[in-house]
Structures are given as C-alpha cells and as structure tokens.
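A short write-up of the structure that comes next.
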Amino acid sequence: MTAPTSPWRHAANGVLLTAILAVAALVLHTTPSREAQQSAIVVPGVLGESVSGRNIRATVHSVTVAESVTAGTGWAGGTPGVWVVVDLTVHALVDDESTMLGTAVLRVGDVSFSASIRPQHGTVAGQRLVTGVPLNGPLMFEVPADLVASPAAETATLEFATDSDPRADSLLVVPVDLTDLIVQPELEVAFPAWGAR
Amino acid sequence: MTNRGVRGARRQRVRVLFDRLPTKWLLSSVSAVLLALSAVVGGLDDAPVAPVPRIEEGDSHVGTELTIMVNGALLIDGFPEQSIMPADGNRFLVVRATVENTTTEPRRLGTVDADSIGIAGIPSVPAAEPPERILVIDDGSDRVVVQPGVPVELAYLWEVAGDAVEAGDPVTVSLLDRDFISEGRLTYGGLYGDPIVSATLELALGDVGAGVNE
C-alpha cells in the first residue's frame, strides 16, 4: 500500500499546471501574425534619388500625368481615365537569374494599381532585370481621372520589387504627390533603354 | 412526505411504461417528429433556388467584383493583324463587353478558367469552356489586367467550328462572379470555388465575315 499523497504535492502540481498554461497563453498571444512574419521588408525612398533593396536598385526620376501616352513602340492606348507615367531606372544587385520587375504598383489610399502591361515592350513593367546594368524606361499606370486630384493622391506611393509576390523580400516604397502635377493632354515617352544615364 | 411518495410512485409508473415501449415505436415517433418539423420549413421538396437574373444586351450588371456590360456577340474569321487566327475551318466567336473592376486591387482576367464571362448553347464549345483569349479592344493587347475604377472594353474569343454556328443563332452569355471561400491557411492568397453565374443574357450572333474596320 502506497502512502497517501501529501497536500504539498497536490499544491505543487497545481502551481506547475498554472505555470504551463500561463506560458502557453504568453506564446499564443505574442506569436507574430502571418502578415508580420512574411510581410515585405519596406525600404523607403525619395523621388529623384536611388533606393536599394536586397536585389533591386531603382530611381524614380519623374512622375507625369497625361490623358494620352505614346510609347517608344508607337503604342498609344486609350483609356477612359488618365495615365500616370513614371520615368524609372532599375537594375538587379546580386542575382539576375529569373529576376524581373514583377511588382510595380501605384498605391493611392487603399486602392492599388499595377503598372499596365498593355504597352508590352514599350514599358519596363515585367521586364527582365540585369545585375549592374540599369534599365531606363517608363511605367504607365491606368487610373480613374478623378483619382489624381483626390486627397488620397497627396500621399500616393510607388512600390517596386523583383517578384510579383514581394513577401519576405525588399519592397522599395517611394512617396509621390499626384495632386501637384498638371494633367498633360499628351505625352511621348522613349523606348526602354539599357545603360547608365 | 405523502406528496413526495405519490410523485415517486407516478415516476415509477412512467418509468415502467417507458421501459415497455418497443424500440421500433420510439424510432418511428422520432422520425415522425422530424418530418413534422421539416413540414414547418417547407417539407421534403427541394429548397427553391432563386432564378439567375436575365438581363438585356447593353444592361450593365453589377457583380461582386466586376461590373460588366455586354455589347454584343459576333462571328469573325480571325484577326490577321494581331496574328490571332483560328485553326483551319474554324472561326472565332467574339463577345464584346465593357468590364469595370469595383474592388481596390487590379484583377487579372483568366483564360485558364472562365472567371468573368462564359458562353453556353454553342454546339462545338463545351460547357464552362474558358475563352481562348481576352483582348483589350483599344490596342489589341492580351493578358488583360482590369485596374480598379477604369472600365475597359474587351473582346472574349472562343474558337468554334465554322459550320457549327451561323449569324442569327442564339448564344447564352453568362456573367460570372468568383466564389471566394477563404484566405488560404497553408497557401498564400484567397481560395476560390467554381465561379457562380450571377446573370445570363440571350444574344443573337452577328457575323462580320473577315472583319470590320471601325
């Protein structure tokens, strides 16, 4: 016959159990969310200056708003909205195997626009990047006409990354104020070109 | 005390009656109760399914993510200037539609699964066949991404056998909504079920022969 368990033993078990539950609760409530674990690593930039991430360096030279754009290929797509045209220089830094400008996003408030692929070879959106060899060219964003004058357009941002899914990699974020810009009736942009400028 | 004794005896009697009850009766009565309950909510008939709304050509239909206005359906031999030609003996069935994205994110329209517009009632096109191509009518570019708040007129192309359809034949165009299930738990991005037909319209096919210049 075993000796009866002492009341101290019971108390110690209770304390141990409470401690384990407390640690579990602490782990549960302080674990970073999936967004926090995987979100892109934001690299803030400035208009006109180069900004570098892990494998991408970009410079936004200028931003223009125009009602119609003619690309270097002769493409002149119409839109019921307006075109926000970004003059960009971009290259890869460490690795150019299957590296391209996969993310080129204009974010105005909650709304995001991807750089149009309608101009095909007339835009740098989705083009391959090469390590150390800058690619210069335009990005065209098709946006509603009233958006560029809205209050949210004062704090619009341009976002660039080397993959269409920029999680857990650098995301270059360059703020732009679209309300400052005068809407041009027409704009001609050059064909994308390689090399420093 | 006596009160409790009487109640106890009654409980005892009920208990005995319950024990004598054949199990079959018990099951039958439970079924009867369930059937009676089902009668309250409409019996054993199929639940009524709301009919898919029918719209007319030129009406714009507001879906969950896209507002679509179908502008017509026609047959054409091909688009030689864009190097888009069907196989020998085939023609293209083109549905023209103005599509506006009402969400806050750009949306790529798929040609792997039909996820915005589908057609039915054409002999050589299987059900739920995705369009072979979607083109922006303005510049002929494919790989269509619809930007939020910017309506764009698109041409949806299906290849059909040249002798299977002719001008005047009816075609049923279905406007589709994506069926969002949830955010993926293990995968990234939303999980979607089969698209839901949110409206249909009946059109008579036009025929522009080799092509039109507008």
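Can you name every residue in the range B:70-105 that is over 21 Å from the mean Cα position of the chain (by Cα) and either more than 26 Å from residue B:208 (Cα to Cα) or of a type in the set (Gly, Ala, Ser) (or both)?
Passing the criteria: B:78, B:83, B:87, B:89, B:104, B:105.
Applying the condition of being acidic (Asp, Glu) and facing chain A (nearest Cβ under 10 Å) to the range B:96-126 and asking which residue is farthest from residue B:142 (Cα to Cα) yields B:105. For the range A:75-111, the set of residues classified as over 25 Å from residue A:175 (Cβ atoms) and either among the basic types (Lys, Arg) or crowded, with 21+ Cβ neighbours inside 10 Å (or both) consists of A:77 only. Any residue at all in the range A:112-122 that is surrounded by fewer than 23 Cβ atoms within 10 Å (Cβ to Cβ) and more than 23 Å from residue B:142 (Cβ to Cβ)? No, that holds for no residue. Considering A:115, A:40, the condition of being without any contact (Cβ under 8 Å) to a residue 60 or more places away in the chain and either in contact with a Gly (Cβ under 6 Å, 6 or more places away or on another chain) or of a type in the set (Gly, Ala, Ser) (or both) is satisfied by A:115 alone.
Would you point out which residue out of B:166, B:153 is assigned by TED's automatic domain parsing to the domain that holds residue B:92, at pLDDT below 90, in contact with a strand residue (DSSP E or B) (Cβ under 9 Å, 6 or more places away or on another chain) and among the charged types (D, E, K, R)?
Of B:166, B:153, the one residue that is assigned by TED's automatic domain parsing to the domain that holds residue B:92, at pLDDT below 90, in contact with a strand residue (DSSP E or B) (Cβ under 9 Å, 6 or more places away or on another chain) and among the charged types (D, E, K, R) is B:166.
For the range A:130-146, the set of residues classified as in contact (Cβ under 8 Å) with a residue 24 or more places away in the chain and either of a type in the set (Asp, Glu) or surrounded by fewer than 24 Cβ atoms within 10 Å (Cβ to Cβ) (or both) consists of A:130, A:131, A:132, A:133, A:134, A:135, A:136, A:142, A:144, A:145, listed by residue number.
Scanning the range A:84-99 for residues that are more than 14 Å from chain B (Cβ to nearest Cβ) and of a type outside the set (D, E, K, R) turns up A:85, A:86, A:88, A:89, A:90, A:91, A:92, A:93, A:94, A:98, A:99.
Looking only at residues in the range A:66-83 that are in contact with a helix residue (DSSP H, G or I) (Cβ under 7 Å, 6 or more places away or on another chain) and within 11 Å of chain B (Cβ to nearest Cβ), the one that is farthest from residue A:144 (Cα to Cα) is A:73.
This table checks each residue for (1) at pLDDT below 95; (2) closer than 22 Å to residue A:169 by Cα.
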| residue | (1), (2) |
| --- | --- |
| A:120 | yes, no |
| A:126 | yes, yes |
| A:144 | no, no |
| A:156 | no, yes |
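Inspection of the range A:55-63 finds no residue satisfying the criterion of being under 16 Å from residue A:144 (Cα atoms) and in contact with a strand residue (DSSP E or B) (Cβ under 8 Å, 6 or more places away or on another chain). When residues of the range B:131-150 are filtered for being within 10 Å of chain A (Cβ to nearest Cβ) and closer than 17 Å to residue B:176 by Cβ, how many remain? Counting residues in the range B:131-150 that are within 10 Å of chain A (Cβ to nearest Cβ) and closer than 17 Å to residue B:176 by Cβ gives 2.
Every residue, every condition in (1) surrounded by 18 or more Cβ atoms within 10 Å (Cβ to Cβ); (2) under 18 Å from the mean Cα position of the chain (by Cα), yes or no:
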position: B:131; (1), (2): yes, yes
position: B:139; (1), (2): no, no
position: B:146; (1), (2): yes, no
position: B:180; (1), (2): no, yes
position: B:185; (1), (2): no, no
position: B:196; (1), (2): no, yes
position: B:199; (1), (2): yes, yes
position: B:210; (1), (2): no, no
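Quick one: which of B:195, B:170 is under 24 Å from residue A:165 (Cβ atoms) and not charged (D, E, K, R)? Among B:195, B:170, only B:195 is under 24 Å from residue A:165 (Cβ atoms) and not charged (D, E, K, R).
Please find, within the range A:158-192, the residue that is nearest to the chain's Cα centre (by Cα) out of those that are of a type in the set (Ser, Thr, Tyr) and surrounded by fewer than 17 Cβ atoms within 10 Å (Cβ to Cβ).
A:164
Filter the range A:100-113 down to the residues that are part of a loop (DSSP other than H, G, I, E, B), within 11 Å of chain B (Cβ to nearest Cβ) and within 25 Å of residue A:50 (Cα to Cα) and list them by number. Answer for the range A:100-113, where residues must be part of a loop (DSSP other than H, G, I, E, B), within 11 Å of chain B (Cβ to nearest Cβ) and within 25 Å of residue A:50 (Cα to Cα): just A:109.
The values are calculated or read from the model by the stated rules, or taken from the named source; none is laboratory data. Predicted model only: the values in this text are computed from it and were never measured. Don't worry about glycine lacking a Cβ; one is built from the backbone with ideal geometry, like all the others, and counts go over all protein chains shown.
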